[in-house]
Each structure stands twice: as structure tokens, then as C-alpha cells.
Amino acid sequence: MEDVSVVDMSLEQWKSTFDINMTSSFLVVREYLKQLAQATEAQKESASIVLVGSTAGKFGERGHADYAATKSDEFSVDILIIEQCQYSPYWQP
């Protein structure tokens, strides 16, 4: 993808990047967790969710504010999934 400054970025590009990087992750995780609810205890104990972040989310990336913003949000989504997922080792009833 070519470099585009924030001032020159279209709303369409911004929304598209969020749909690709955030909405798709949400949809996959949501469906995975629905299926995991039906899994055996052994399957639940070995289940994993892996979301791929980027240093762009922590440090930014010139010309790719849309991408950096989604990767920064990805870190927050990871934490929310851990806190909200009853199958997480961090979950407390």
C-alpha cells in the first residue's frame, strides 16, 4: 500500500483498513468462542486465540496512520478478549 498522509487519506481507506484489521478479527474471534462453548473440557484447556499485532501499533508508521491505528486497537482487543473470555486462565467467576 502506498504512503498516504492523514490529511490526504480518504475516509474509505480508513474504514476499509479498520474492516480488514479489526472487524474481521472480531468476527473470527466471536465465532471461535461460540464454537468453543460447545467443546469438551480438554479442548477448552488447549484452545488458543492468536491475533497478530505490529510495532506500528506501538510506535506508529509514517504514511500509514490507518494501519497503525488498527494495530494499536488490536492490543486493546487482545486484553478485552482475555478479560471477557470465560475460558481464559485469567477468568474469575
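Any residue in the range 50-71 that is acidic (Asp, Glu), part of a helix (DSSP H, G or I) and at pLDDT 80 or above? Yes, some residue in the range 50-71 is acidic (Asp, Glu), part of a helix (DSSP H, G or I) and at pLDDT 80 or above.
Each residue in the range 24-48 was checked for being touching a helix residue (DSSP H, G or I) at 6+ places or on another chain (Cβ under 7 Å) and over 30 Å from Leu11 (Cα atoms), and 3 of them qualify. Set side by side, the residues Glu31, Glu83 differ, and just one is surrounded by 10 or more Cβ atoms within 10 Å (Cβ to Cβ) and modelled with pLDDT under 85, which is Glu83.
I'd like the residue in the range 21-73 that is farther than 30 Å from Val7 by Cα and among the hydroxyl-bearing types (Ser, Thr, Tyr) and, out of all such residues, is farthest from the chain's Cα centre (by Cα). The qualifying residue farthest from the chain's Cα centre (by Cα) is Thr40.
Of all the criteria given as (1) of a type outside the set (A, V, I, L, M); (2) part of a helix (DSSP H, G or I); (3) within 14 Å of the chain's Cα centre (by Cα), the one not satisfied by Gln13 is (3).
The values are calculated or read from the model by the stated rules, or taken from the named source; none is laboratory data. This is a predicted model, so every value here is computed, not measured. Because the Cβ atoms are built from the backbone with ideal geometry, glycine has one as well, and the counts that use them run over all protein chains shown.
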